[in-house]
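What follows draws every value from the coordinates through simple rules; no lab data is involved. None of the values given here were measured: they were computed from a predicted structure. Because the Cβ atoms are built from the backbone with ideal geometry, glycine has one as well, and the counts that use them run over all protein chains shown.
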Amino acid sequence: MIEIFEAIKQSAIEIKHLIETGDTGKSELENSTGDTQLKLDIQSDKIIESIFSKVPSIKQIVSEEQEAVVPLHQDGQYLIAYDPLDGSSLVDVNLSVGSIFGIYEDEFTGKNLIASVYVVFGPRVEMVVAQTDVKMYRLLNGEFKFIQNIKLNEKGKLNAPGSTQNCWAPYHKQLIDDIFNDGYRLRYSGGMVPDLHQILLKGGGLFSYPGTTDRPKGKLRQLFEVFPFAFVFEKAGGQAIDGFDRVLNIATTHIHDTSPCFFGSNEEINRVKEVYKANEK
Ligand code: AHM
Ligand code: MG
């Protein structure tokens, strides 16, 4: 799998250049979730596809920005689902964004995820790789250097509540209010990569994107966003659930399926489970 990590590093260097110099305007196109694609989304997708197409161990890829699975190498072992530039609309206000990669075997489904990687493009470029543990690297003078392992505490101090309050269920609002009343600090930029990276590096907390009245199945996509980060949180000693169970147990029926999701350290996730169980319909 080393060749895949090397390919991701190369794509990160090219996407960093694209973010710094590219046009932040809209394209004429929509992705399969109905979002208008930015030129940066399409260009970063092309960068990754072109780099992955030269890696023989990759059998298939699927991108958040494309409708269907793309076959690459018939004899390849790995399937990769990726979001080339998550939070791309934040580039024009100069906030951090990221790329997310889930590496699967046999089938694109949570239980077959064997590794995941994300890259944060902020004041610095950092890459986090989750396999048996979670390792962080930083781009320094053109190369990724190992910086540290990432391990969550049992309980954190940060709360990152997604979506909009008037679409939350009353018990979800109560849960978020209670967490703030217990002294947690609000940390939410609108980019899941930097928001989750912050929770991972500051020891823990809760990131939530629940099912809402406007999107009962949440906003975040299973294969490209939810599962890769679930894998990172579990390997870092935390949890990722849909309110009730591990998100990695969800059977994906369509590549662009979404799911409610909660990522965090154990204490906060157990708290979510209690509230959701008590309000189960
Ligand atoms: P995108 O893939 O279209 O960029 O959207 C995903 C982003 C996540 O990074 C972030 O957590 C979420 O959308 C924020 O949504 P909201 O503004 O509804 O809280
Ligand atoms: Mg995204």
Taking Cα pairs closer than 8 Å and at least 6 residues apart, the relative contact order of the range 24-169 in percent is 12 percent
Once phi for every residue in the range 31-37 is put through the Karplus expression 6.51 cos²θ - 1.76 cosθ + 1.60 (θ = phi - 60°), the whole-Hz ³J(HN,Hα) values, with Gly and Pro written as x, are 8, 6, 8, x, 7, 5, 7
Total charge of the residues flanking Ala130 in space, meaning their Cβ is under 9 Å from its Cβ, with Lys and Arg +1 and Asp and Glu -1, is 0
Phi-derived 3J(HN,Hα) across the range 193-204 with the Karplus relation (6.51, -1.76, 1.60, θ = phi - 60°), rounded Hz, x for Gly and Pro, is 5, x, 5, 6, 4, 5, 4, 5, 7, 9, x, x
Extend 7 Å from the Cα of Ile114 along its Cα-to-C-beta direction; within the range 215-258, residues with backbone N under 12 Å of that point are none
Here the convex hull volume per residue of the chain, taken over Cα atoms and given in Å³, is 122 Å³
Helix-only [θ] at 222 nm, the chain, -39500 (n - 2.57) per DSSP H run of 4+, per residue, nearest 500, equals -9000 deg cm²/dmol
Per GNM of the chain with C-alpha springs under 10 angstrom, the most fluctuating residue out of Ile19, Ile147, Ile241 is Ile147
Counting sequence-distant residues (5 or more places) and residues on other chains, those with an amide H built under 5 Å from that of Ile80 are Gln60, Ile61, Val62, Tyr104
For the range 1-153, Rg(Cα) over 2.2 N^0.38 Å is 1.02
In this structure, the FRET efficiency calculated for Glu3 and Ala278 from their beta-carbon separation, with R0 = 41 Å, to the nearest 0.05, is 0.30
Ignoring GluC sites (Glu not before Pro) buried by more than 15 other Cβ within 10 Å or outside DSSP loops, the longest site-free run in the chain is 155-279
For the range 1-43, using Cα atoms only, the Rg and Dmax in Å read 13.0, 37
Length gained, Lys202-His73, 0.36 nm per residue minus C-alpha separation, equals 42.5 nm
Rounded to the nearest 10, the angle in degrees between the Cα long axis of helix 170-181 and the longest principal axis of the Cα atoms of the chain comes to 90 degrees
For the range 172-281, the percent of all C-alpha pairs falling in each 10 Å bin, from 0 up to the bin holding the max distance, is 14, 50, 32, 3
Length gained if Lys155 through Asp133 is fully extended, taking 0.36 nm per residue and subtracting the Cα-Cα distance, is 6.0 nm
